[in-house]
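Beneath this line is the structure, given in structure tokens, with notes to follow.
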Amino acid sequence: MGTHEYTDDPRNENVQISINGRLYPRADAKVSVFDSGFLLGDGVWESFRLHNGKLAFLDEHLDRLFHGAAEISMHPQRERGEIIQEIQRVVEANGMEGDVHLRLILSRGLKPTPYQAPWVISSPPTLVIIPEYKKANSLRAKEGISLVSVETIRGSDKIQNPRINSLSKHNCIAACIEASEKGGDEGLMLDPKGFVSTCNSTHFFMAKDGEVWTSTGEYCLDGITRRKVIEICQENGIPCSEKNFTLDDVRFADEAFVTGTFAGLTPVGSFDGEPMGGGSRGPICEKLQELYISLVEDECND
């Protein structure tokens, strides 16, 4: 499972899940087969980390949620405050404080018949909030993941906007399958111009001669953790560039790491079967991990 490896927690069997403002035991939480999210992958989603009783970077995640909904011409029909209130209600109903991952799904709603036109709809948007006790595997933060290059690319916004958290994730799933078939934990995807873009479920960074590189961001999700790492570099005198670079640049990098909401920063131990930076976590990744953890602590202790 790569960066998404976690420790099984039996408490998850009894968590309460919110569907349109009503709480259900996990085993009873269901949506209709006529929901547009199920039928068409028509909707957007967000994930959050709960730490010390507070959701990290909540406003930025909600900004992205509402932006994504607007990009697919879907009005959530809920105010920002209503969504925050429902997230907090779910957290409180489950007595959760930390090591919690929440997935919020917003689909266009129920359809009267299986048909793709977004205006053929018979209900308000469906809002689902799934909270889980999920603690990332701490070994991955030191030992890293195996990363492989894949042929599945990130498309332009003329195909499907790659910068929003759409429920339709087929190209990322295809890249994930391809990576698994090649023996990797994650697949490194290129953009339409042949430059490194992002991974199938995380964002990619590399370091060379003390400088951190990441893609231009044009063809990848507007990652919150990615954004925070760039800001941390800028605030701590670590040169960081958003730029075009190739797979050959990756092969000759001193070290590399990936980022995401769930696991934070995870080093790359190998790339295309070859050890990356000696096969262990590099000093820049380790420093940025510490700075990112401090940032989350500050955010959630405010």
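The values are calculated or read from the model by the stated rules, or taken from the named source; none is laboratory data. Keep in mind the model is a prediction, meaning the values are calculated, not measured. Because the Cβ atoms are built from the backbone with ideal geometry, glycine has one as well, and the counts that use them run over all protein chains shown.
Quick notes on this one:
- Residue within region 79-90 that is at positive phi and assigned to a loop (DSSP other than H, G, I, E, B) present: no
- Taking the criterion of being of a type in the set (Phe, Trp, Tyr) and assigned to a loop (DSSP other than H, G, I, E, B), the residues of region 204-260 that qualify are 219, 245, 252.
- Condition check for residue 224: within 20 Å of residue 67 (Cα to Cα), assigned by TED's automatic domain parsing to the domain that holds residue 267 and β-branched (Val, Ile, Thr): yes
- For residue 206: the one exception among (1) surrounded by fewer than 22 Cβ atoms within 10 Å (Cβ to Cβ); (2) of a type outside the set (Gly, Ala, Ser); (3) over 16 Å from the mean Cα position of the chain (by Cα): (1)
- Lone unmet requirement of (1) over 18 Å from the mean Cα position of the chain (by Cα); (2) among the β-branched types (Val, Ile, Thr); (3) closer than 25 Å to residue 58 by Cβ; (4) not in a helix (DSSP H, G or I) for residue 164: (1)
- Residue count, region 262-296 (criterion: surrounded by fewer than 21 Cβ atoms within 10 Å (Cβ to Cβ) and either among the basic types (Lys, Arg) or at pLDDT 95 or above (or both)): 16
- Test: residue in region 23-46 that is among the hydroxyl-bearing types (Ser, Thr, Tyr) and closer than 25 Å to residue 226 by Cβ: no
- Failed item, numbered, when residue 28 is tested on (1) farther than 24 Å from residue 99 by Cβ; (2) surrounded by 17 or more Cβ atoms within 10 Å (Cβ to Cβ); (3) not aromatic (Phe, Trp, Tyr): (2)
- Taken together, the criteria place residue 151 among residues that are acidic (Asp, Glu), modelled with pLDDT of 95 or more and either part of a loop (DSSP other than H, G, I, E, B) or under 22 Å from residue 265 (Cα atoms) (or both).
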